[in-house]
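Colleague: My structure is below; once you've seen it, I'll send some questions.
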Amino acid sequence: KKLKDRKGNRYNEKDRHGANYSREREDLKESRTSSRHQDTNSEIPVSKRTKYDKYNESVAVMDDRDSKVRVSKSKKYDDELELDYSKKIKTSHDSDQRNECWITAQLKVRIVDQRYRNGRYYNKKLIVIDVVDLNSCICQTENGEILEGIQLHMLETVIPKTLKSTVMIVRGKDKGQLATIVEKNGSKCLATVQVNLTQEIIVIDYDDICEYTGETD
């Protein structure tokens, strides 16, 4: 009597191995085919396998380049952050210097706040007669009128029109020193002054000096 196994192969019922024998034959055939395929791959000439090696190498090179690009971009980003941080530090330092109390008695200043007393004294020159605290002072107009409650941010320095006029250095390492104007550069808002005490000649920003109306002796 002929029987069929799972794959449809016929075998004798009296066959001593039966279906198991057929399955063993199929497994042996598959193992031989797999072994032959592996041997064939191992015998592929180098010239034919080179394209795969080149592909793998190119992929490795691309990965290496991507890694270097990522590192380069990361370094550039870190450098930009550091530069931006240093700029912020510098800007903050400059801002702090601009906001520090620079007013003192006998300075001639200009009021630049249009909101003070409805703009009545806007752009007028005043003489500081007393400093109340670090942020406010009392001033006097050229007509002798006394103005109180003037805040630091409402004022700017006044630069004398003529050379050899006396100014006070109101910011920087020479703050509080009197100096004489030697030269002015209006386009750049810079003045060349000679410090009275040391006779040193320096170039200084208009915001860092102010006309002085007091005694110079």
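Colleague: Show the residue pairs meeting these rules: Cβ distance below 7 Å; 6+ apart or different chains; first residue within the stretch 136-157 and under 15 Å from THR213 (Cβ atoms) and open to solvent by less than 30 Å² (accessible area, probe 1.4 Å); second residue among the aromatic types (Phe, Trp, Tyr) and not in a strand (DSSP E or B).
Modeller: Sorted first by the residue in the stretch 136-157, then by its partner, the pairs are THR157/TYR206.
Colleague: From ASP208, ASP133, grab the single residue that is under 13 Å from TRP102 (Cα atoms), of a type in the set (Asp, Glu) and touching a strand residue (DSSP E or B) at 6+ places or on another chain (Cβ under 7 Å).
Modeller: Details: ASP133 fails: touching a strand residue (DSSP E or B) at 6+ places or on another chain (Cβ under 7 Å).
Just a single option satisfies the conditions, and that option is ASP208.
Colleague: Would you point out the residue of the stretch 106-126, among those that are within 16 Å of ILE146 (Cβ to Cβ) and without any contact (Cβ under 8 Å) to a residue 60 or more places away in the chain, that is most open to solvent (accessible area, probe 1.4 Å)?
Modeller: Top of the filtered list is ARG120.
Colleague: Here are ALA179, ALA191: which of them is in contact with a Lys or Arg (Cβ under 6 Å, 6 or more places away or on another chain) and free of Cβ contacts under 8 Å to residues at least 40 places away in the same chain?
Modeller: Details: ALA179 fails: in contact with a Lys or Arg (Cβ under 6 Å, 6 or more places away or on another chain).
When all the criteria are applied, what remains is ALA191.
Colleague: Of these, GLY172, GLY186, GLY214, which one is open to solvent by less than 70 Å² (accessible area, probe 1.4 Å), at pLDDT below 95 and closer than 16 Å to CYS101 by Cβ? Walk me through it before giving the result.
Modeller: On the way: GLY186 fails: closer than 16 Å to CYS101 by Cβ; GLY214 fails: closer than 16 Å to CYS101 by Cβ.
Going through GLY172, GLY186, GLY214 in turn, just one is open to solvent by less than 70 Å² (accessible area, probe 1.4 Å), at pLDDT below 95 and closer than 16 Å to CYS101 by Cβ: GLY172.
The values are calculated or read from the model by the stated rules, or taken from the named source; none is laboratory data. Here the structure is a predicted model, which is why all the values come from computation and not from measurement. Here Cβ is always computed from backbone atoms with ideal geometry, including for glycine, and neighbour counts include all displayed protein chains. What goes into the accessible areas is simple: the full protein's heavy atoms, side chains included, and nothing from ligands, DNA or RNA. Shrake-Rupley method; radii C 1.70, N 1.55, O 1.52, S 1.80 Å.
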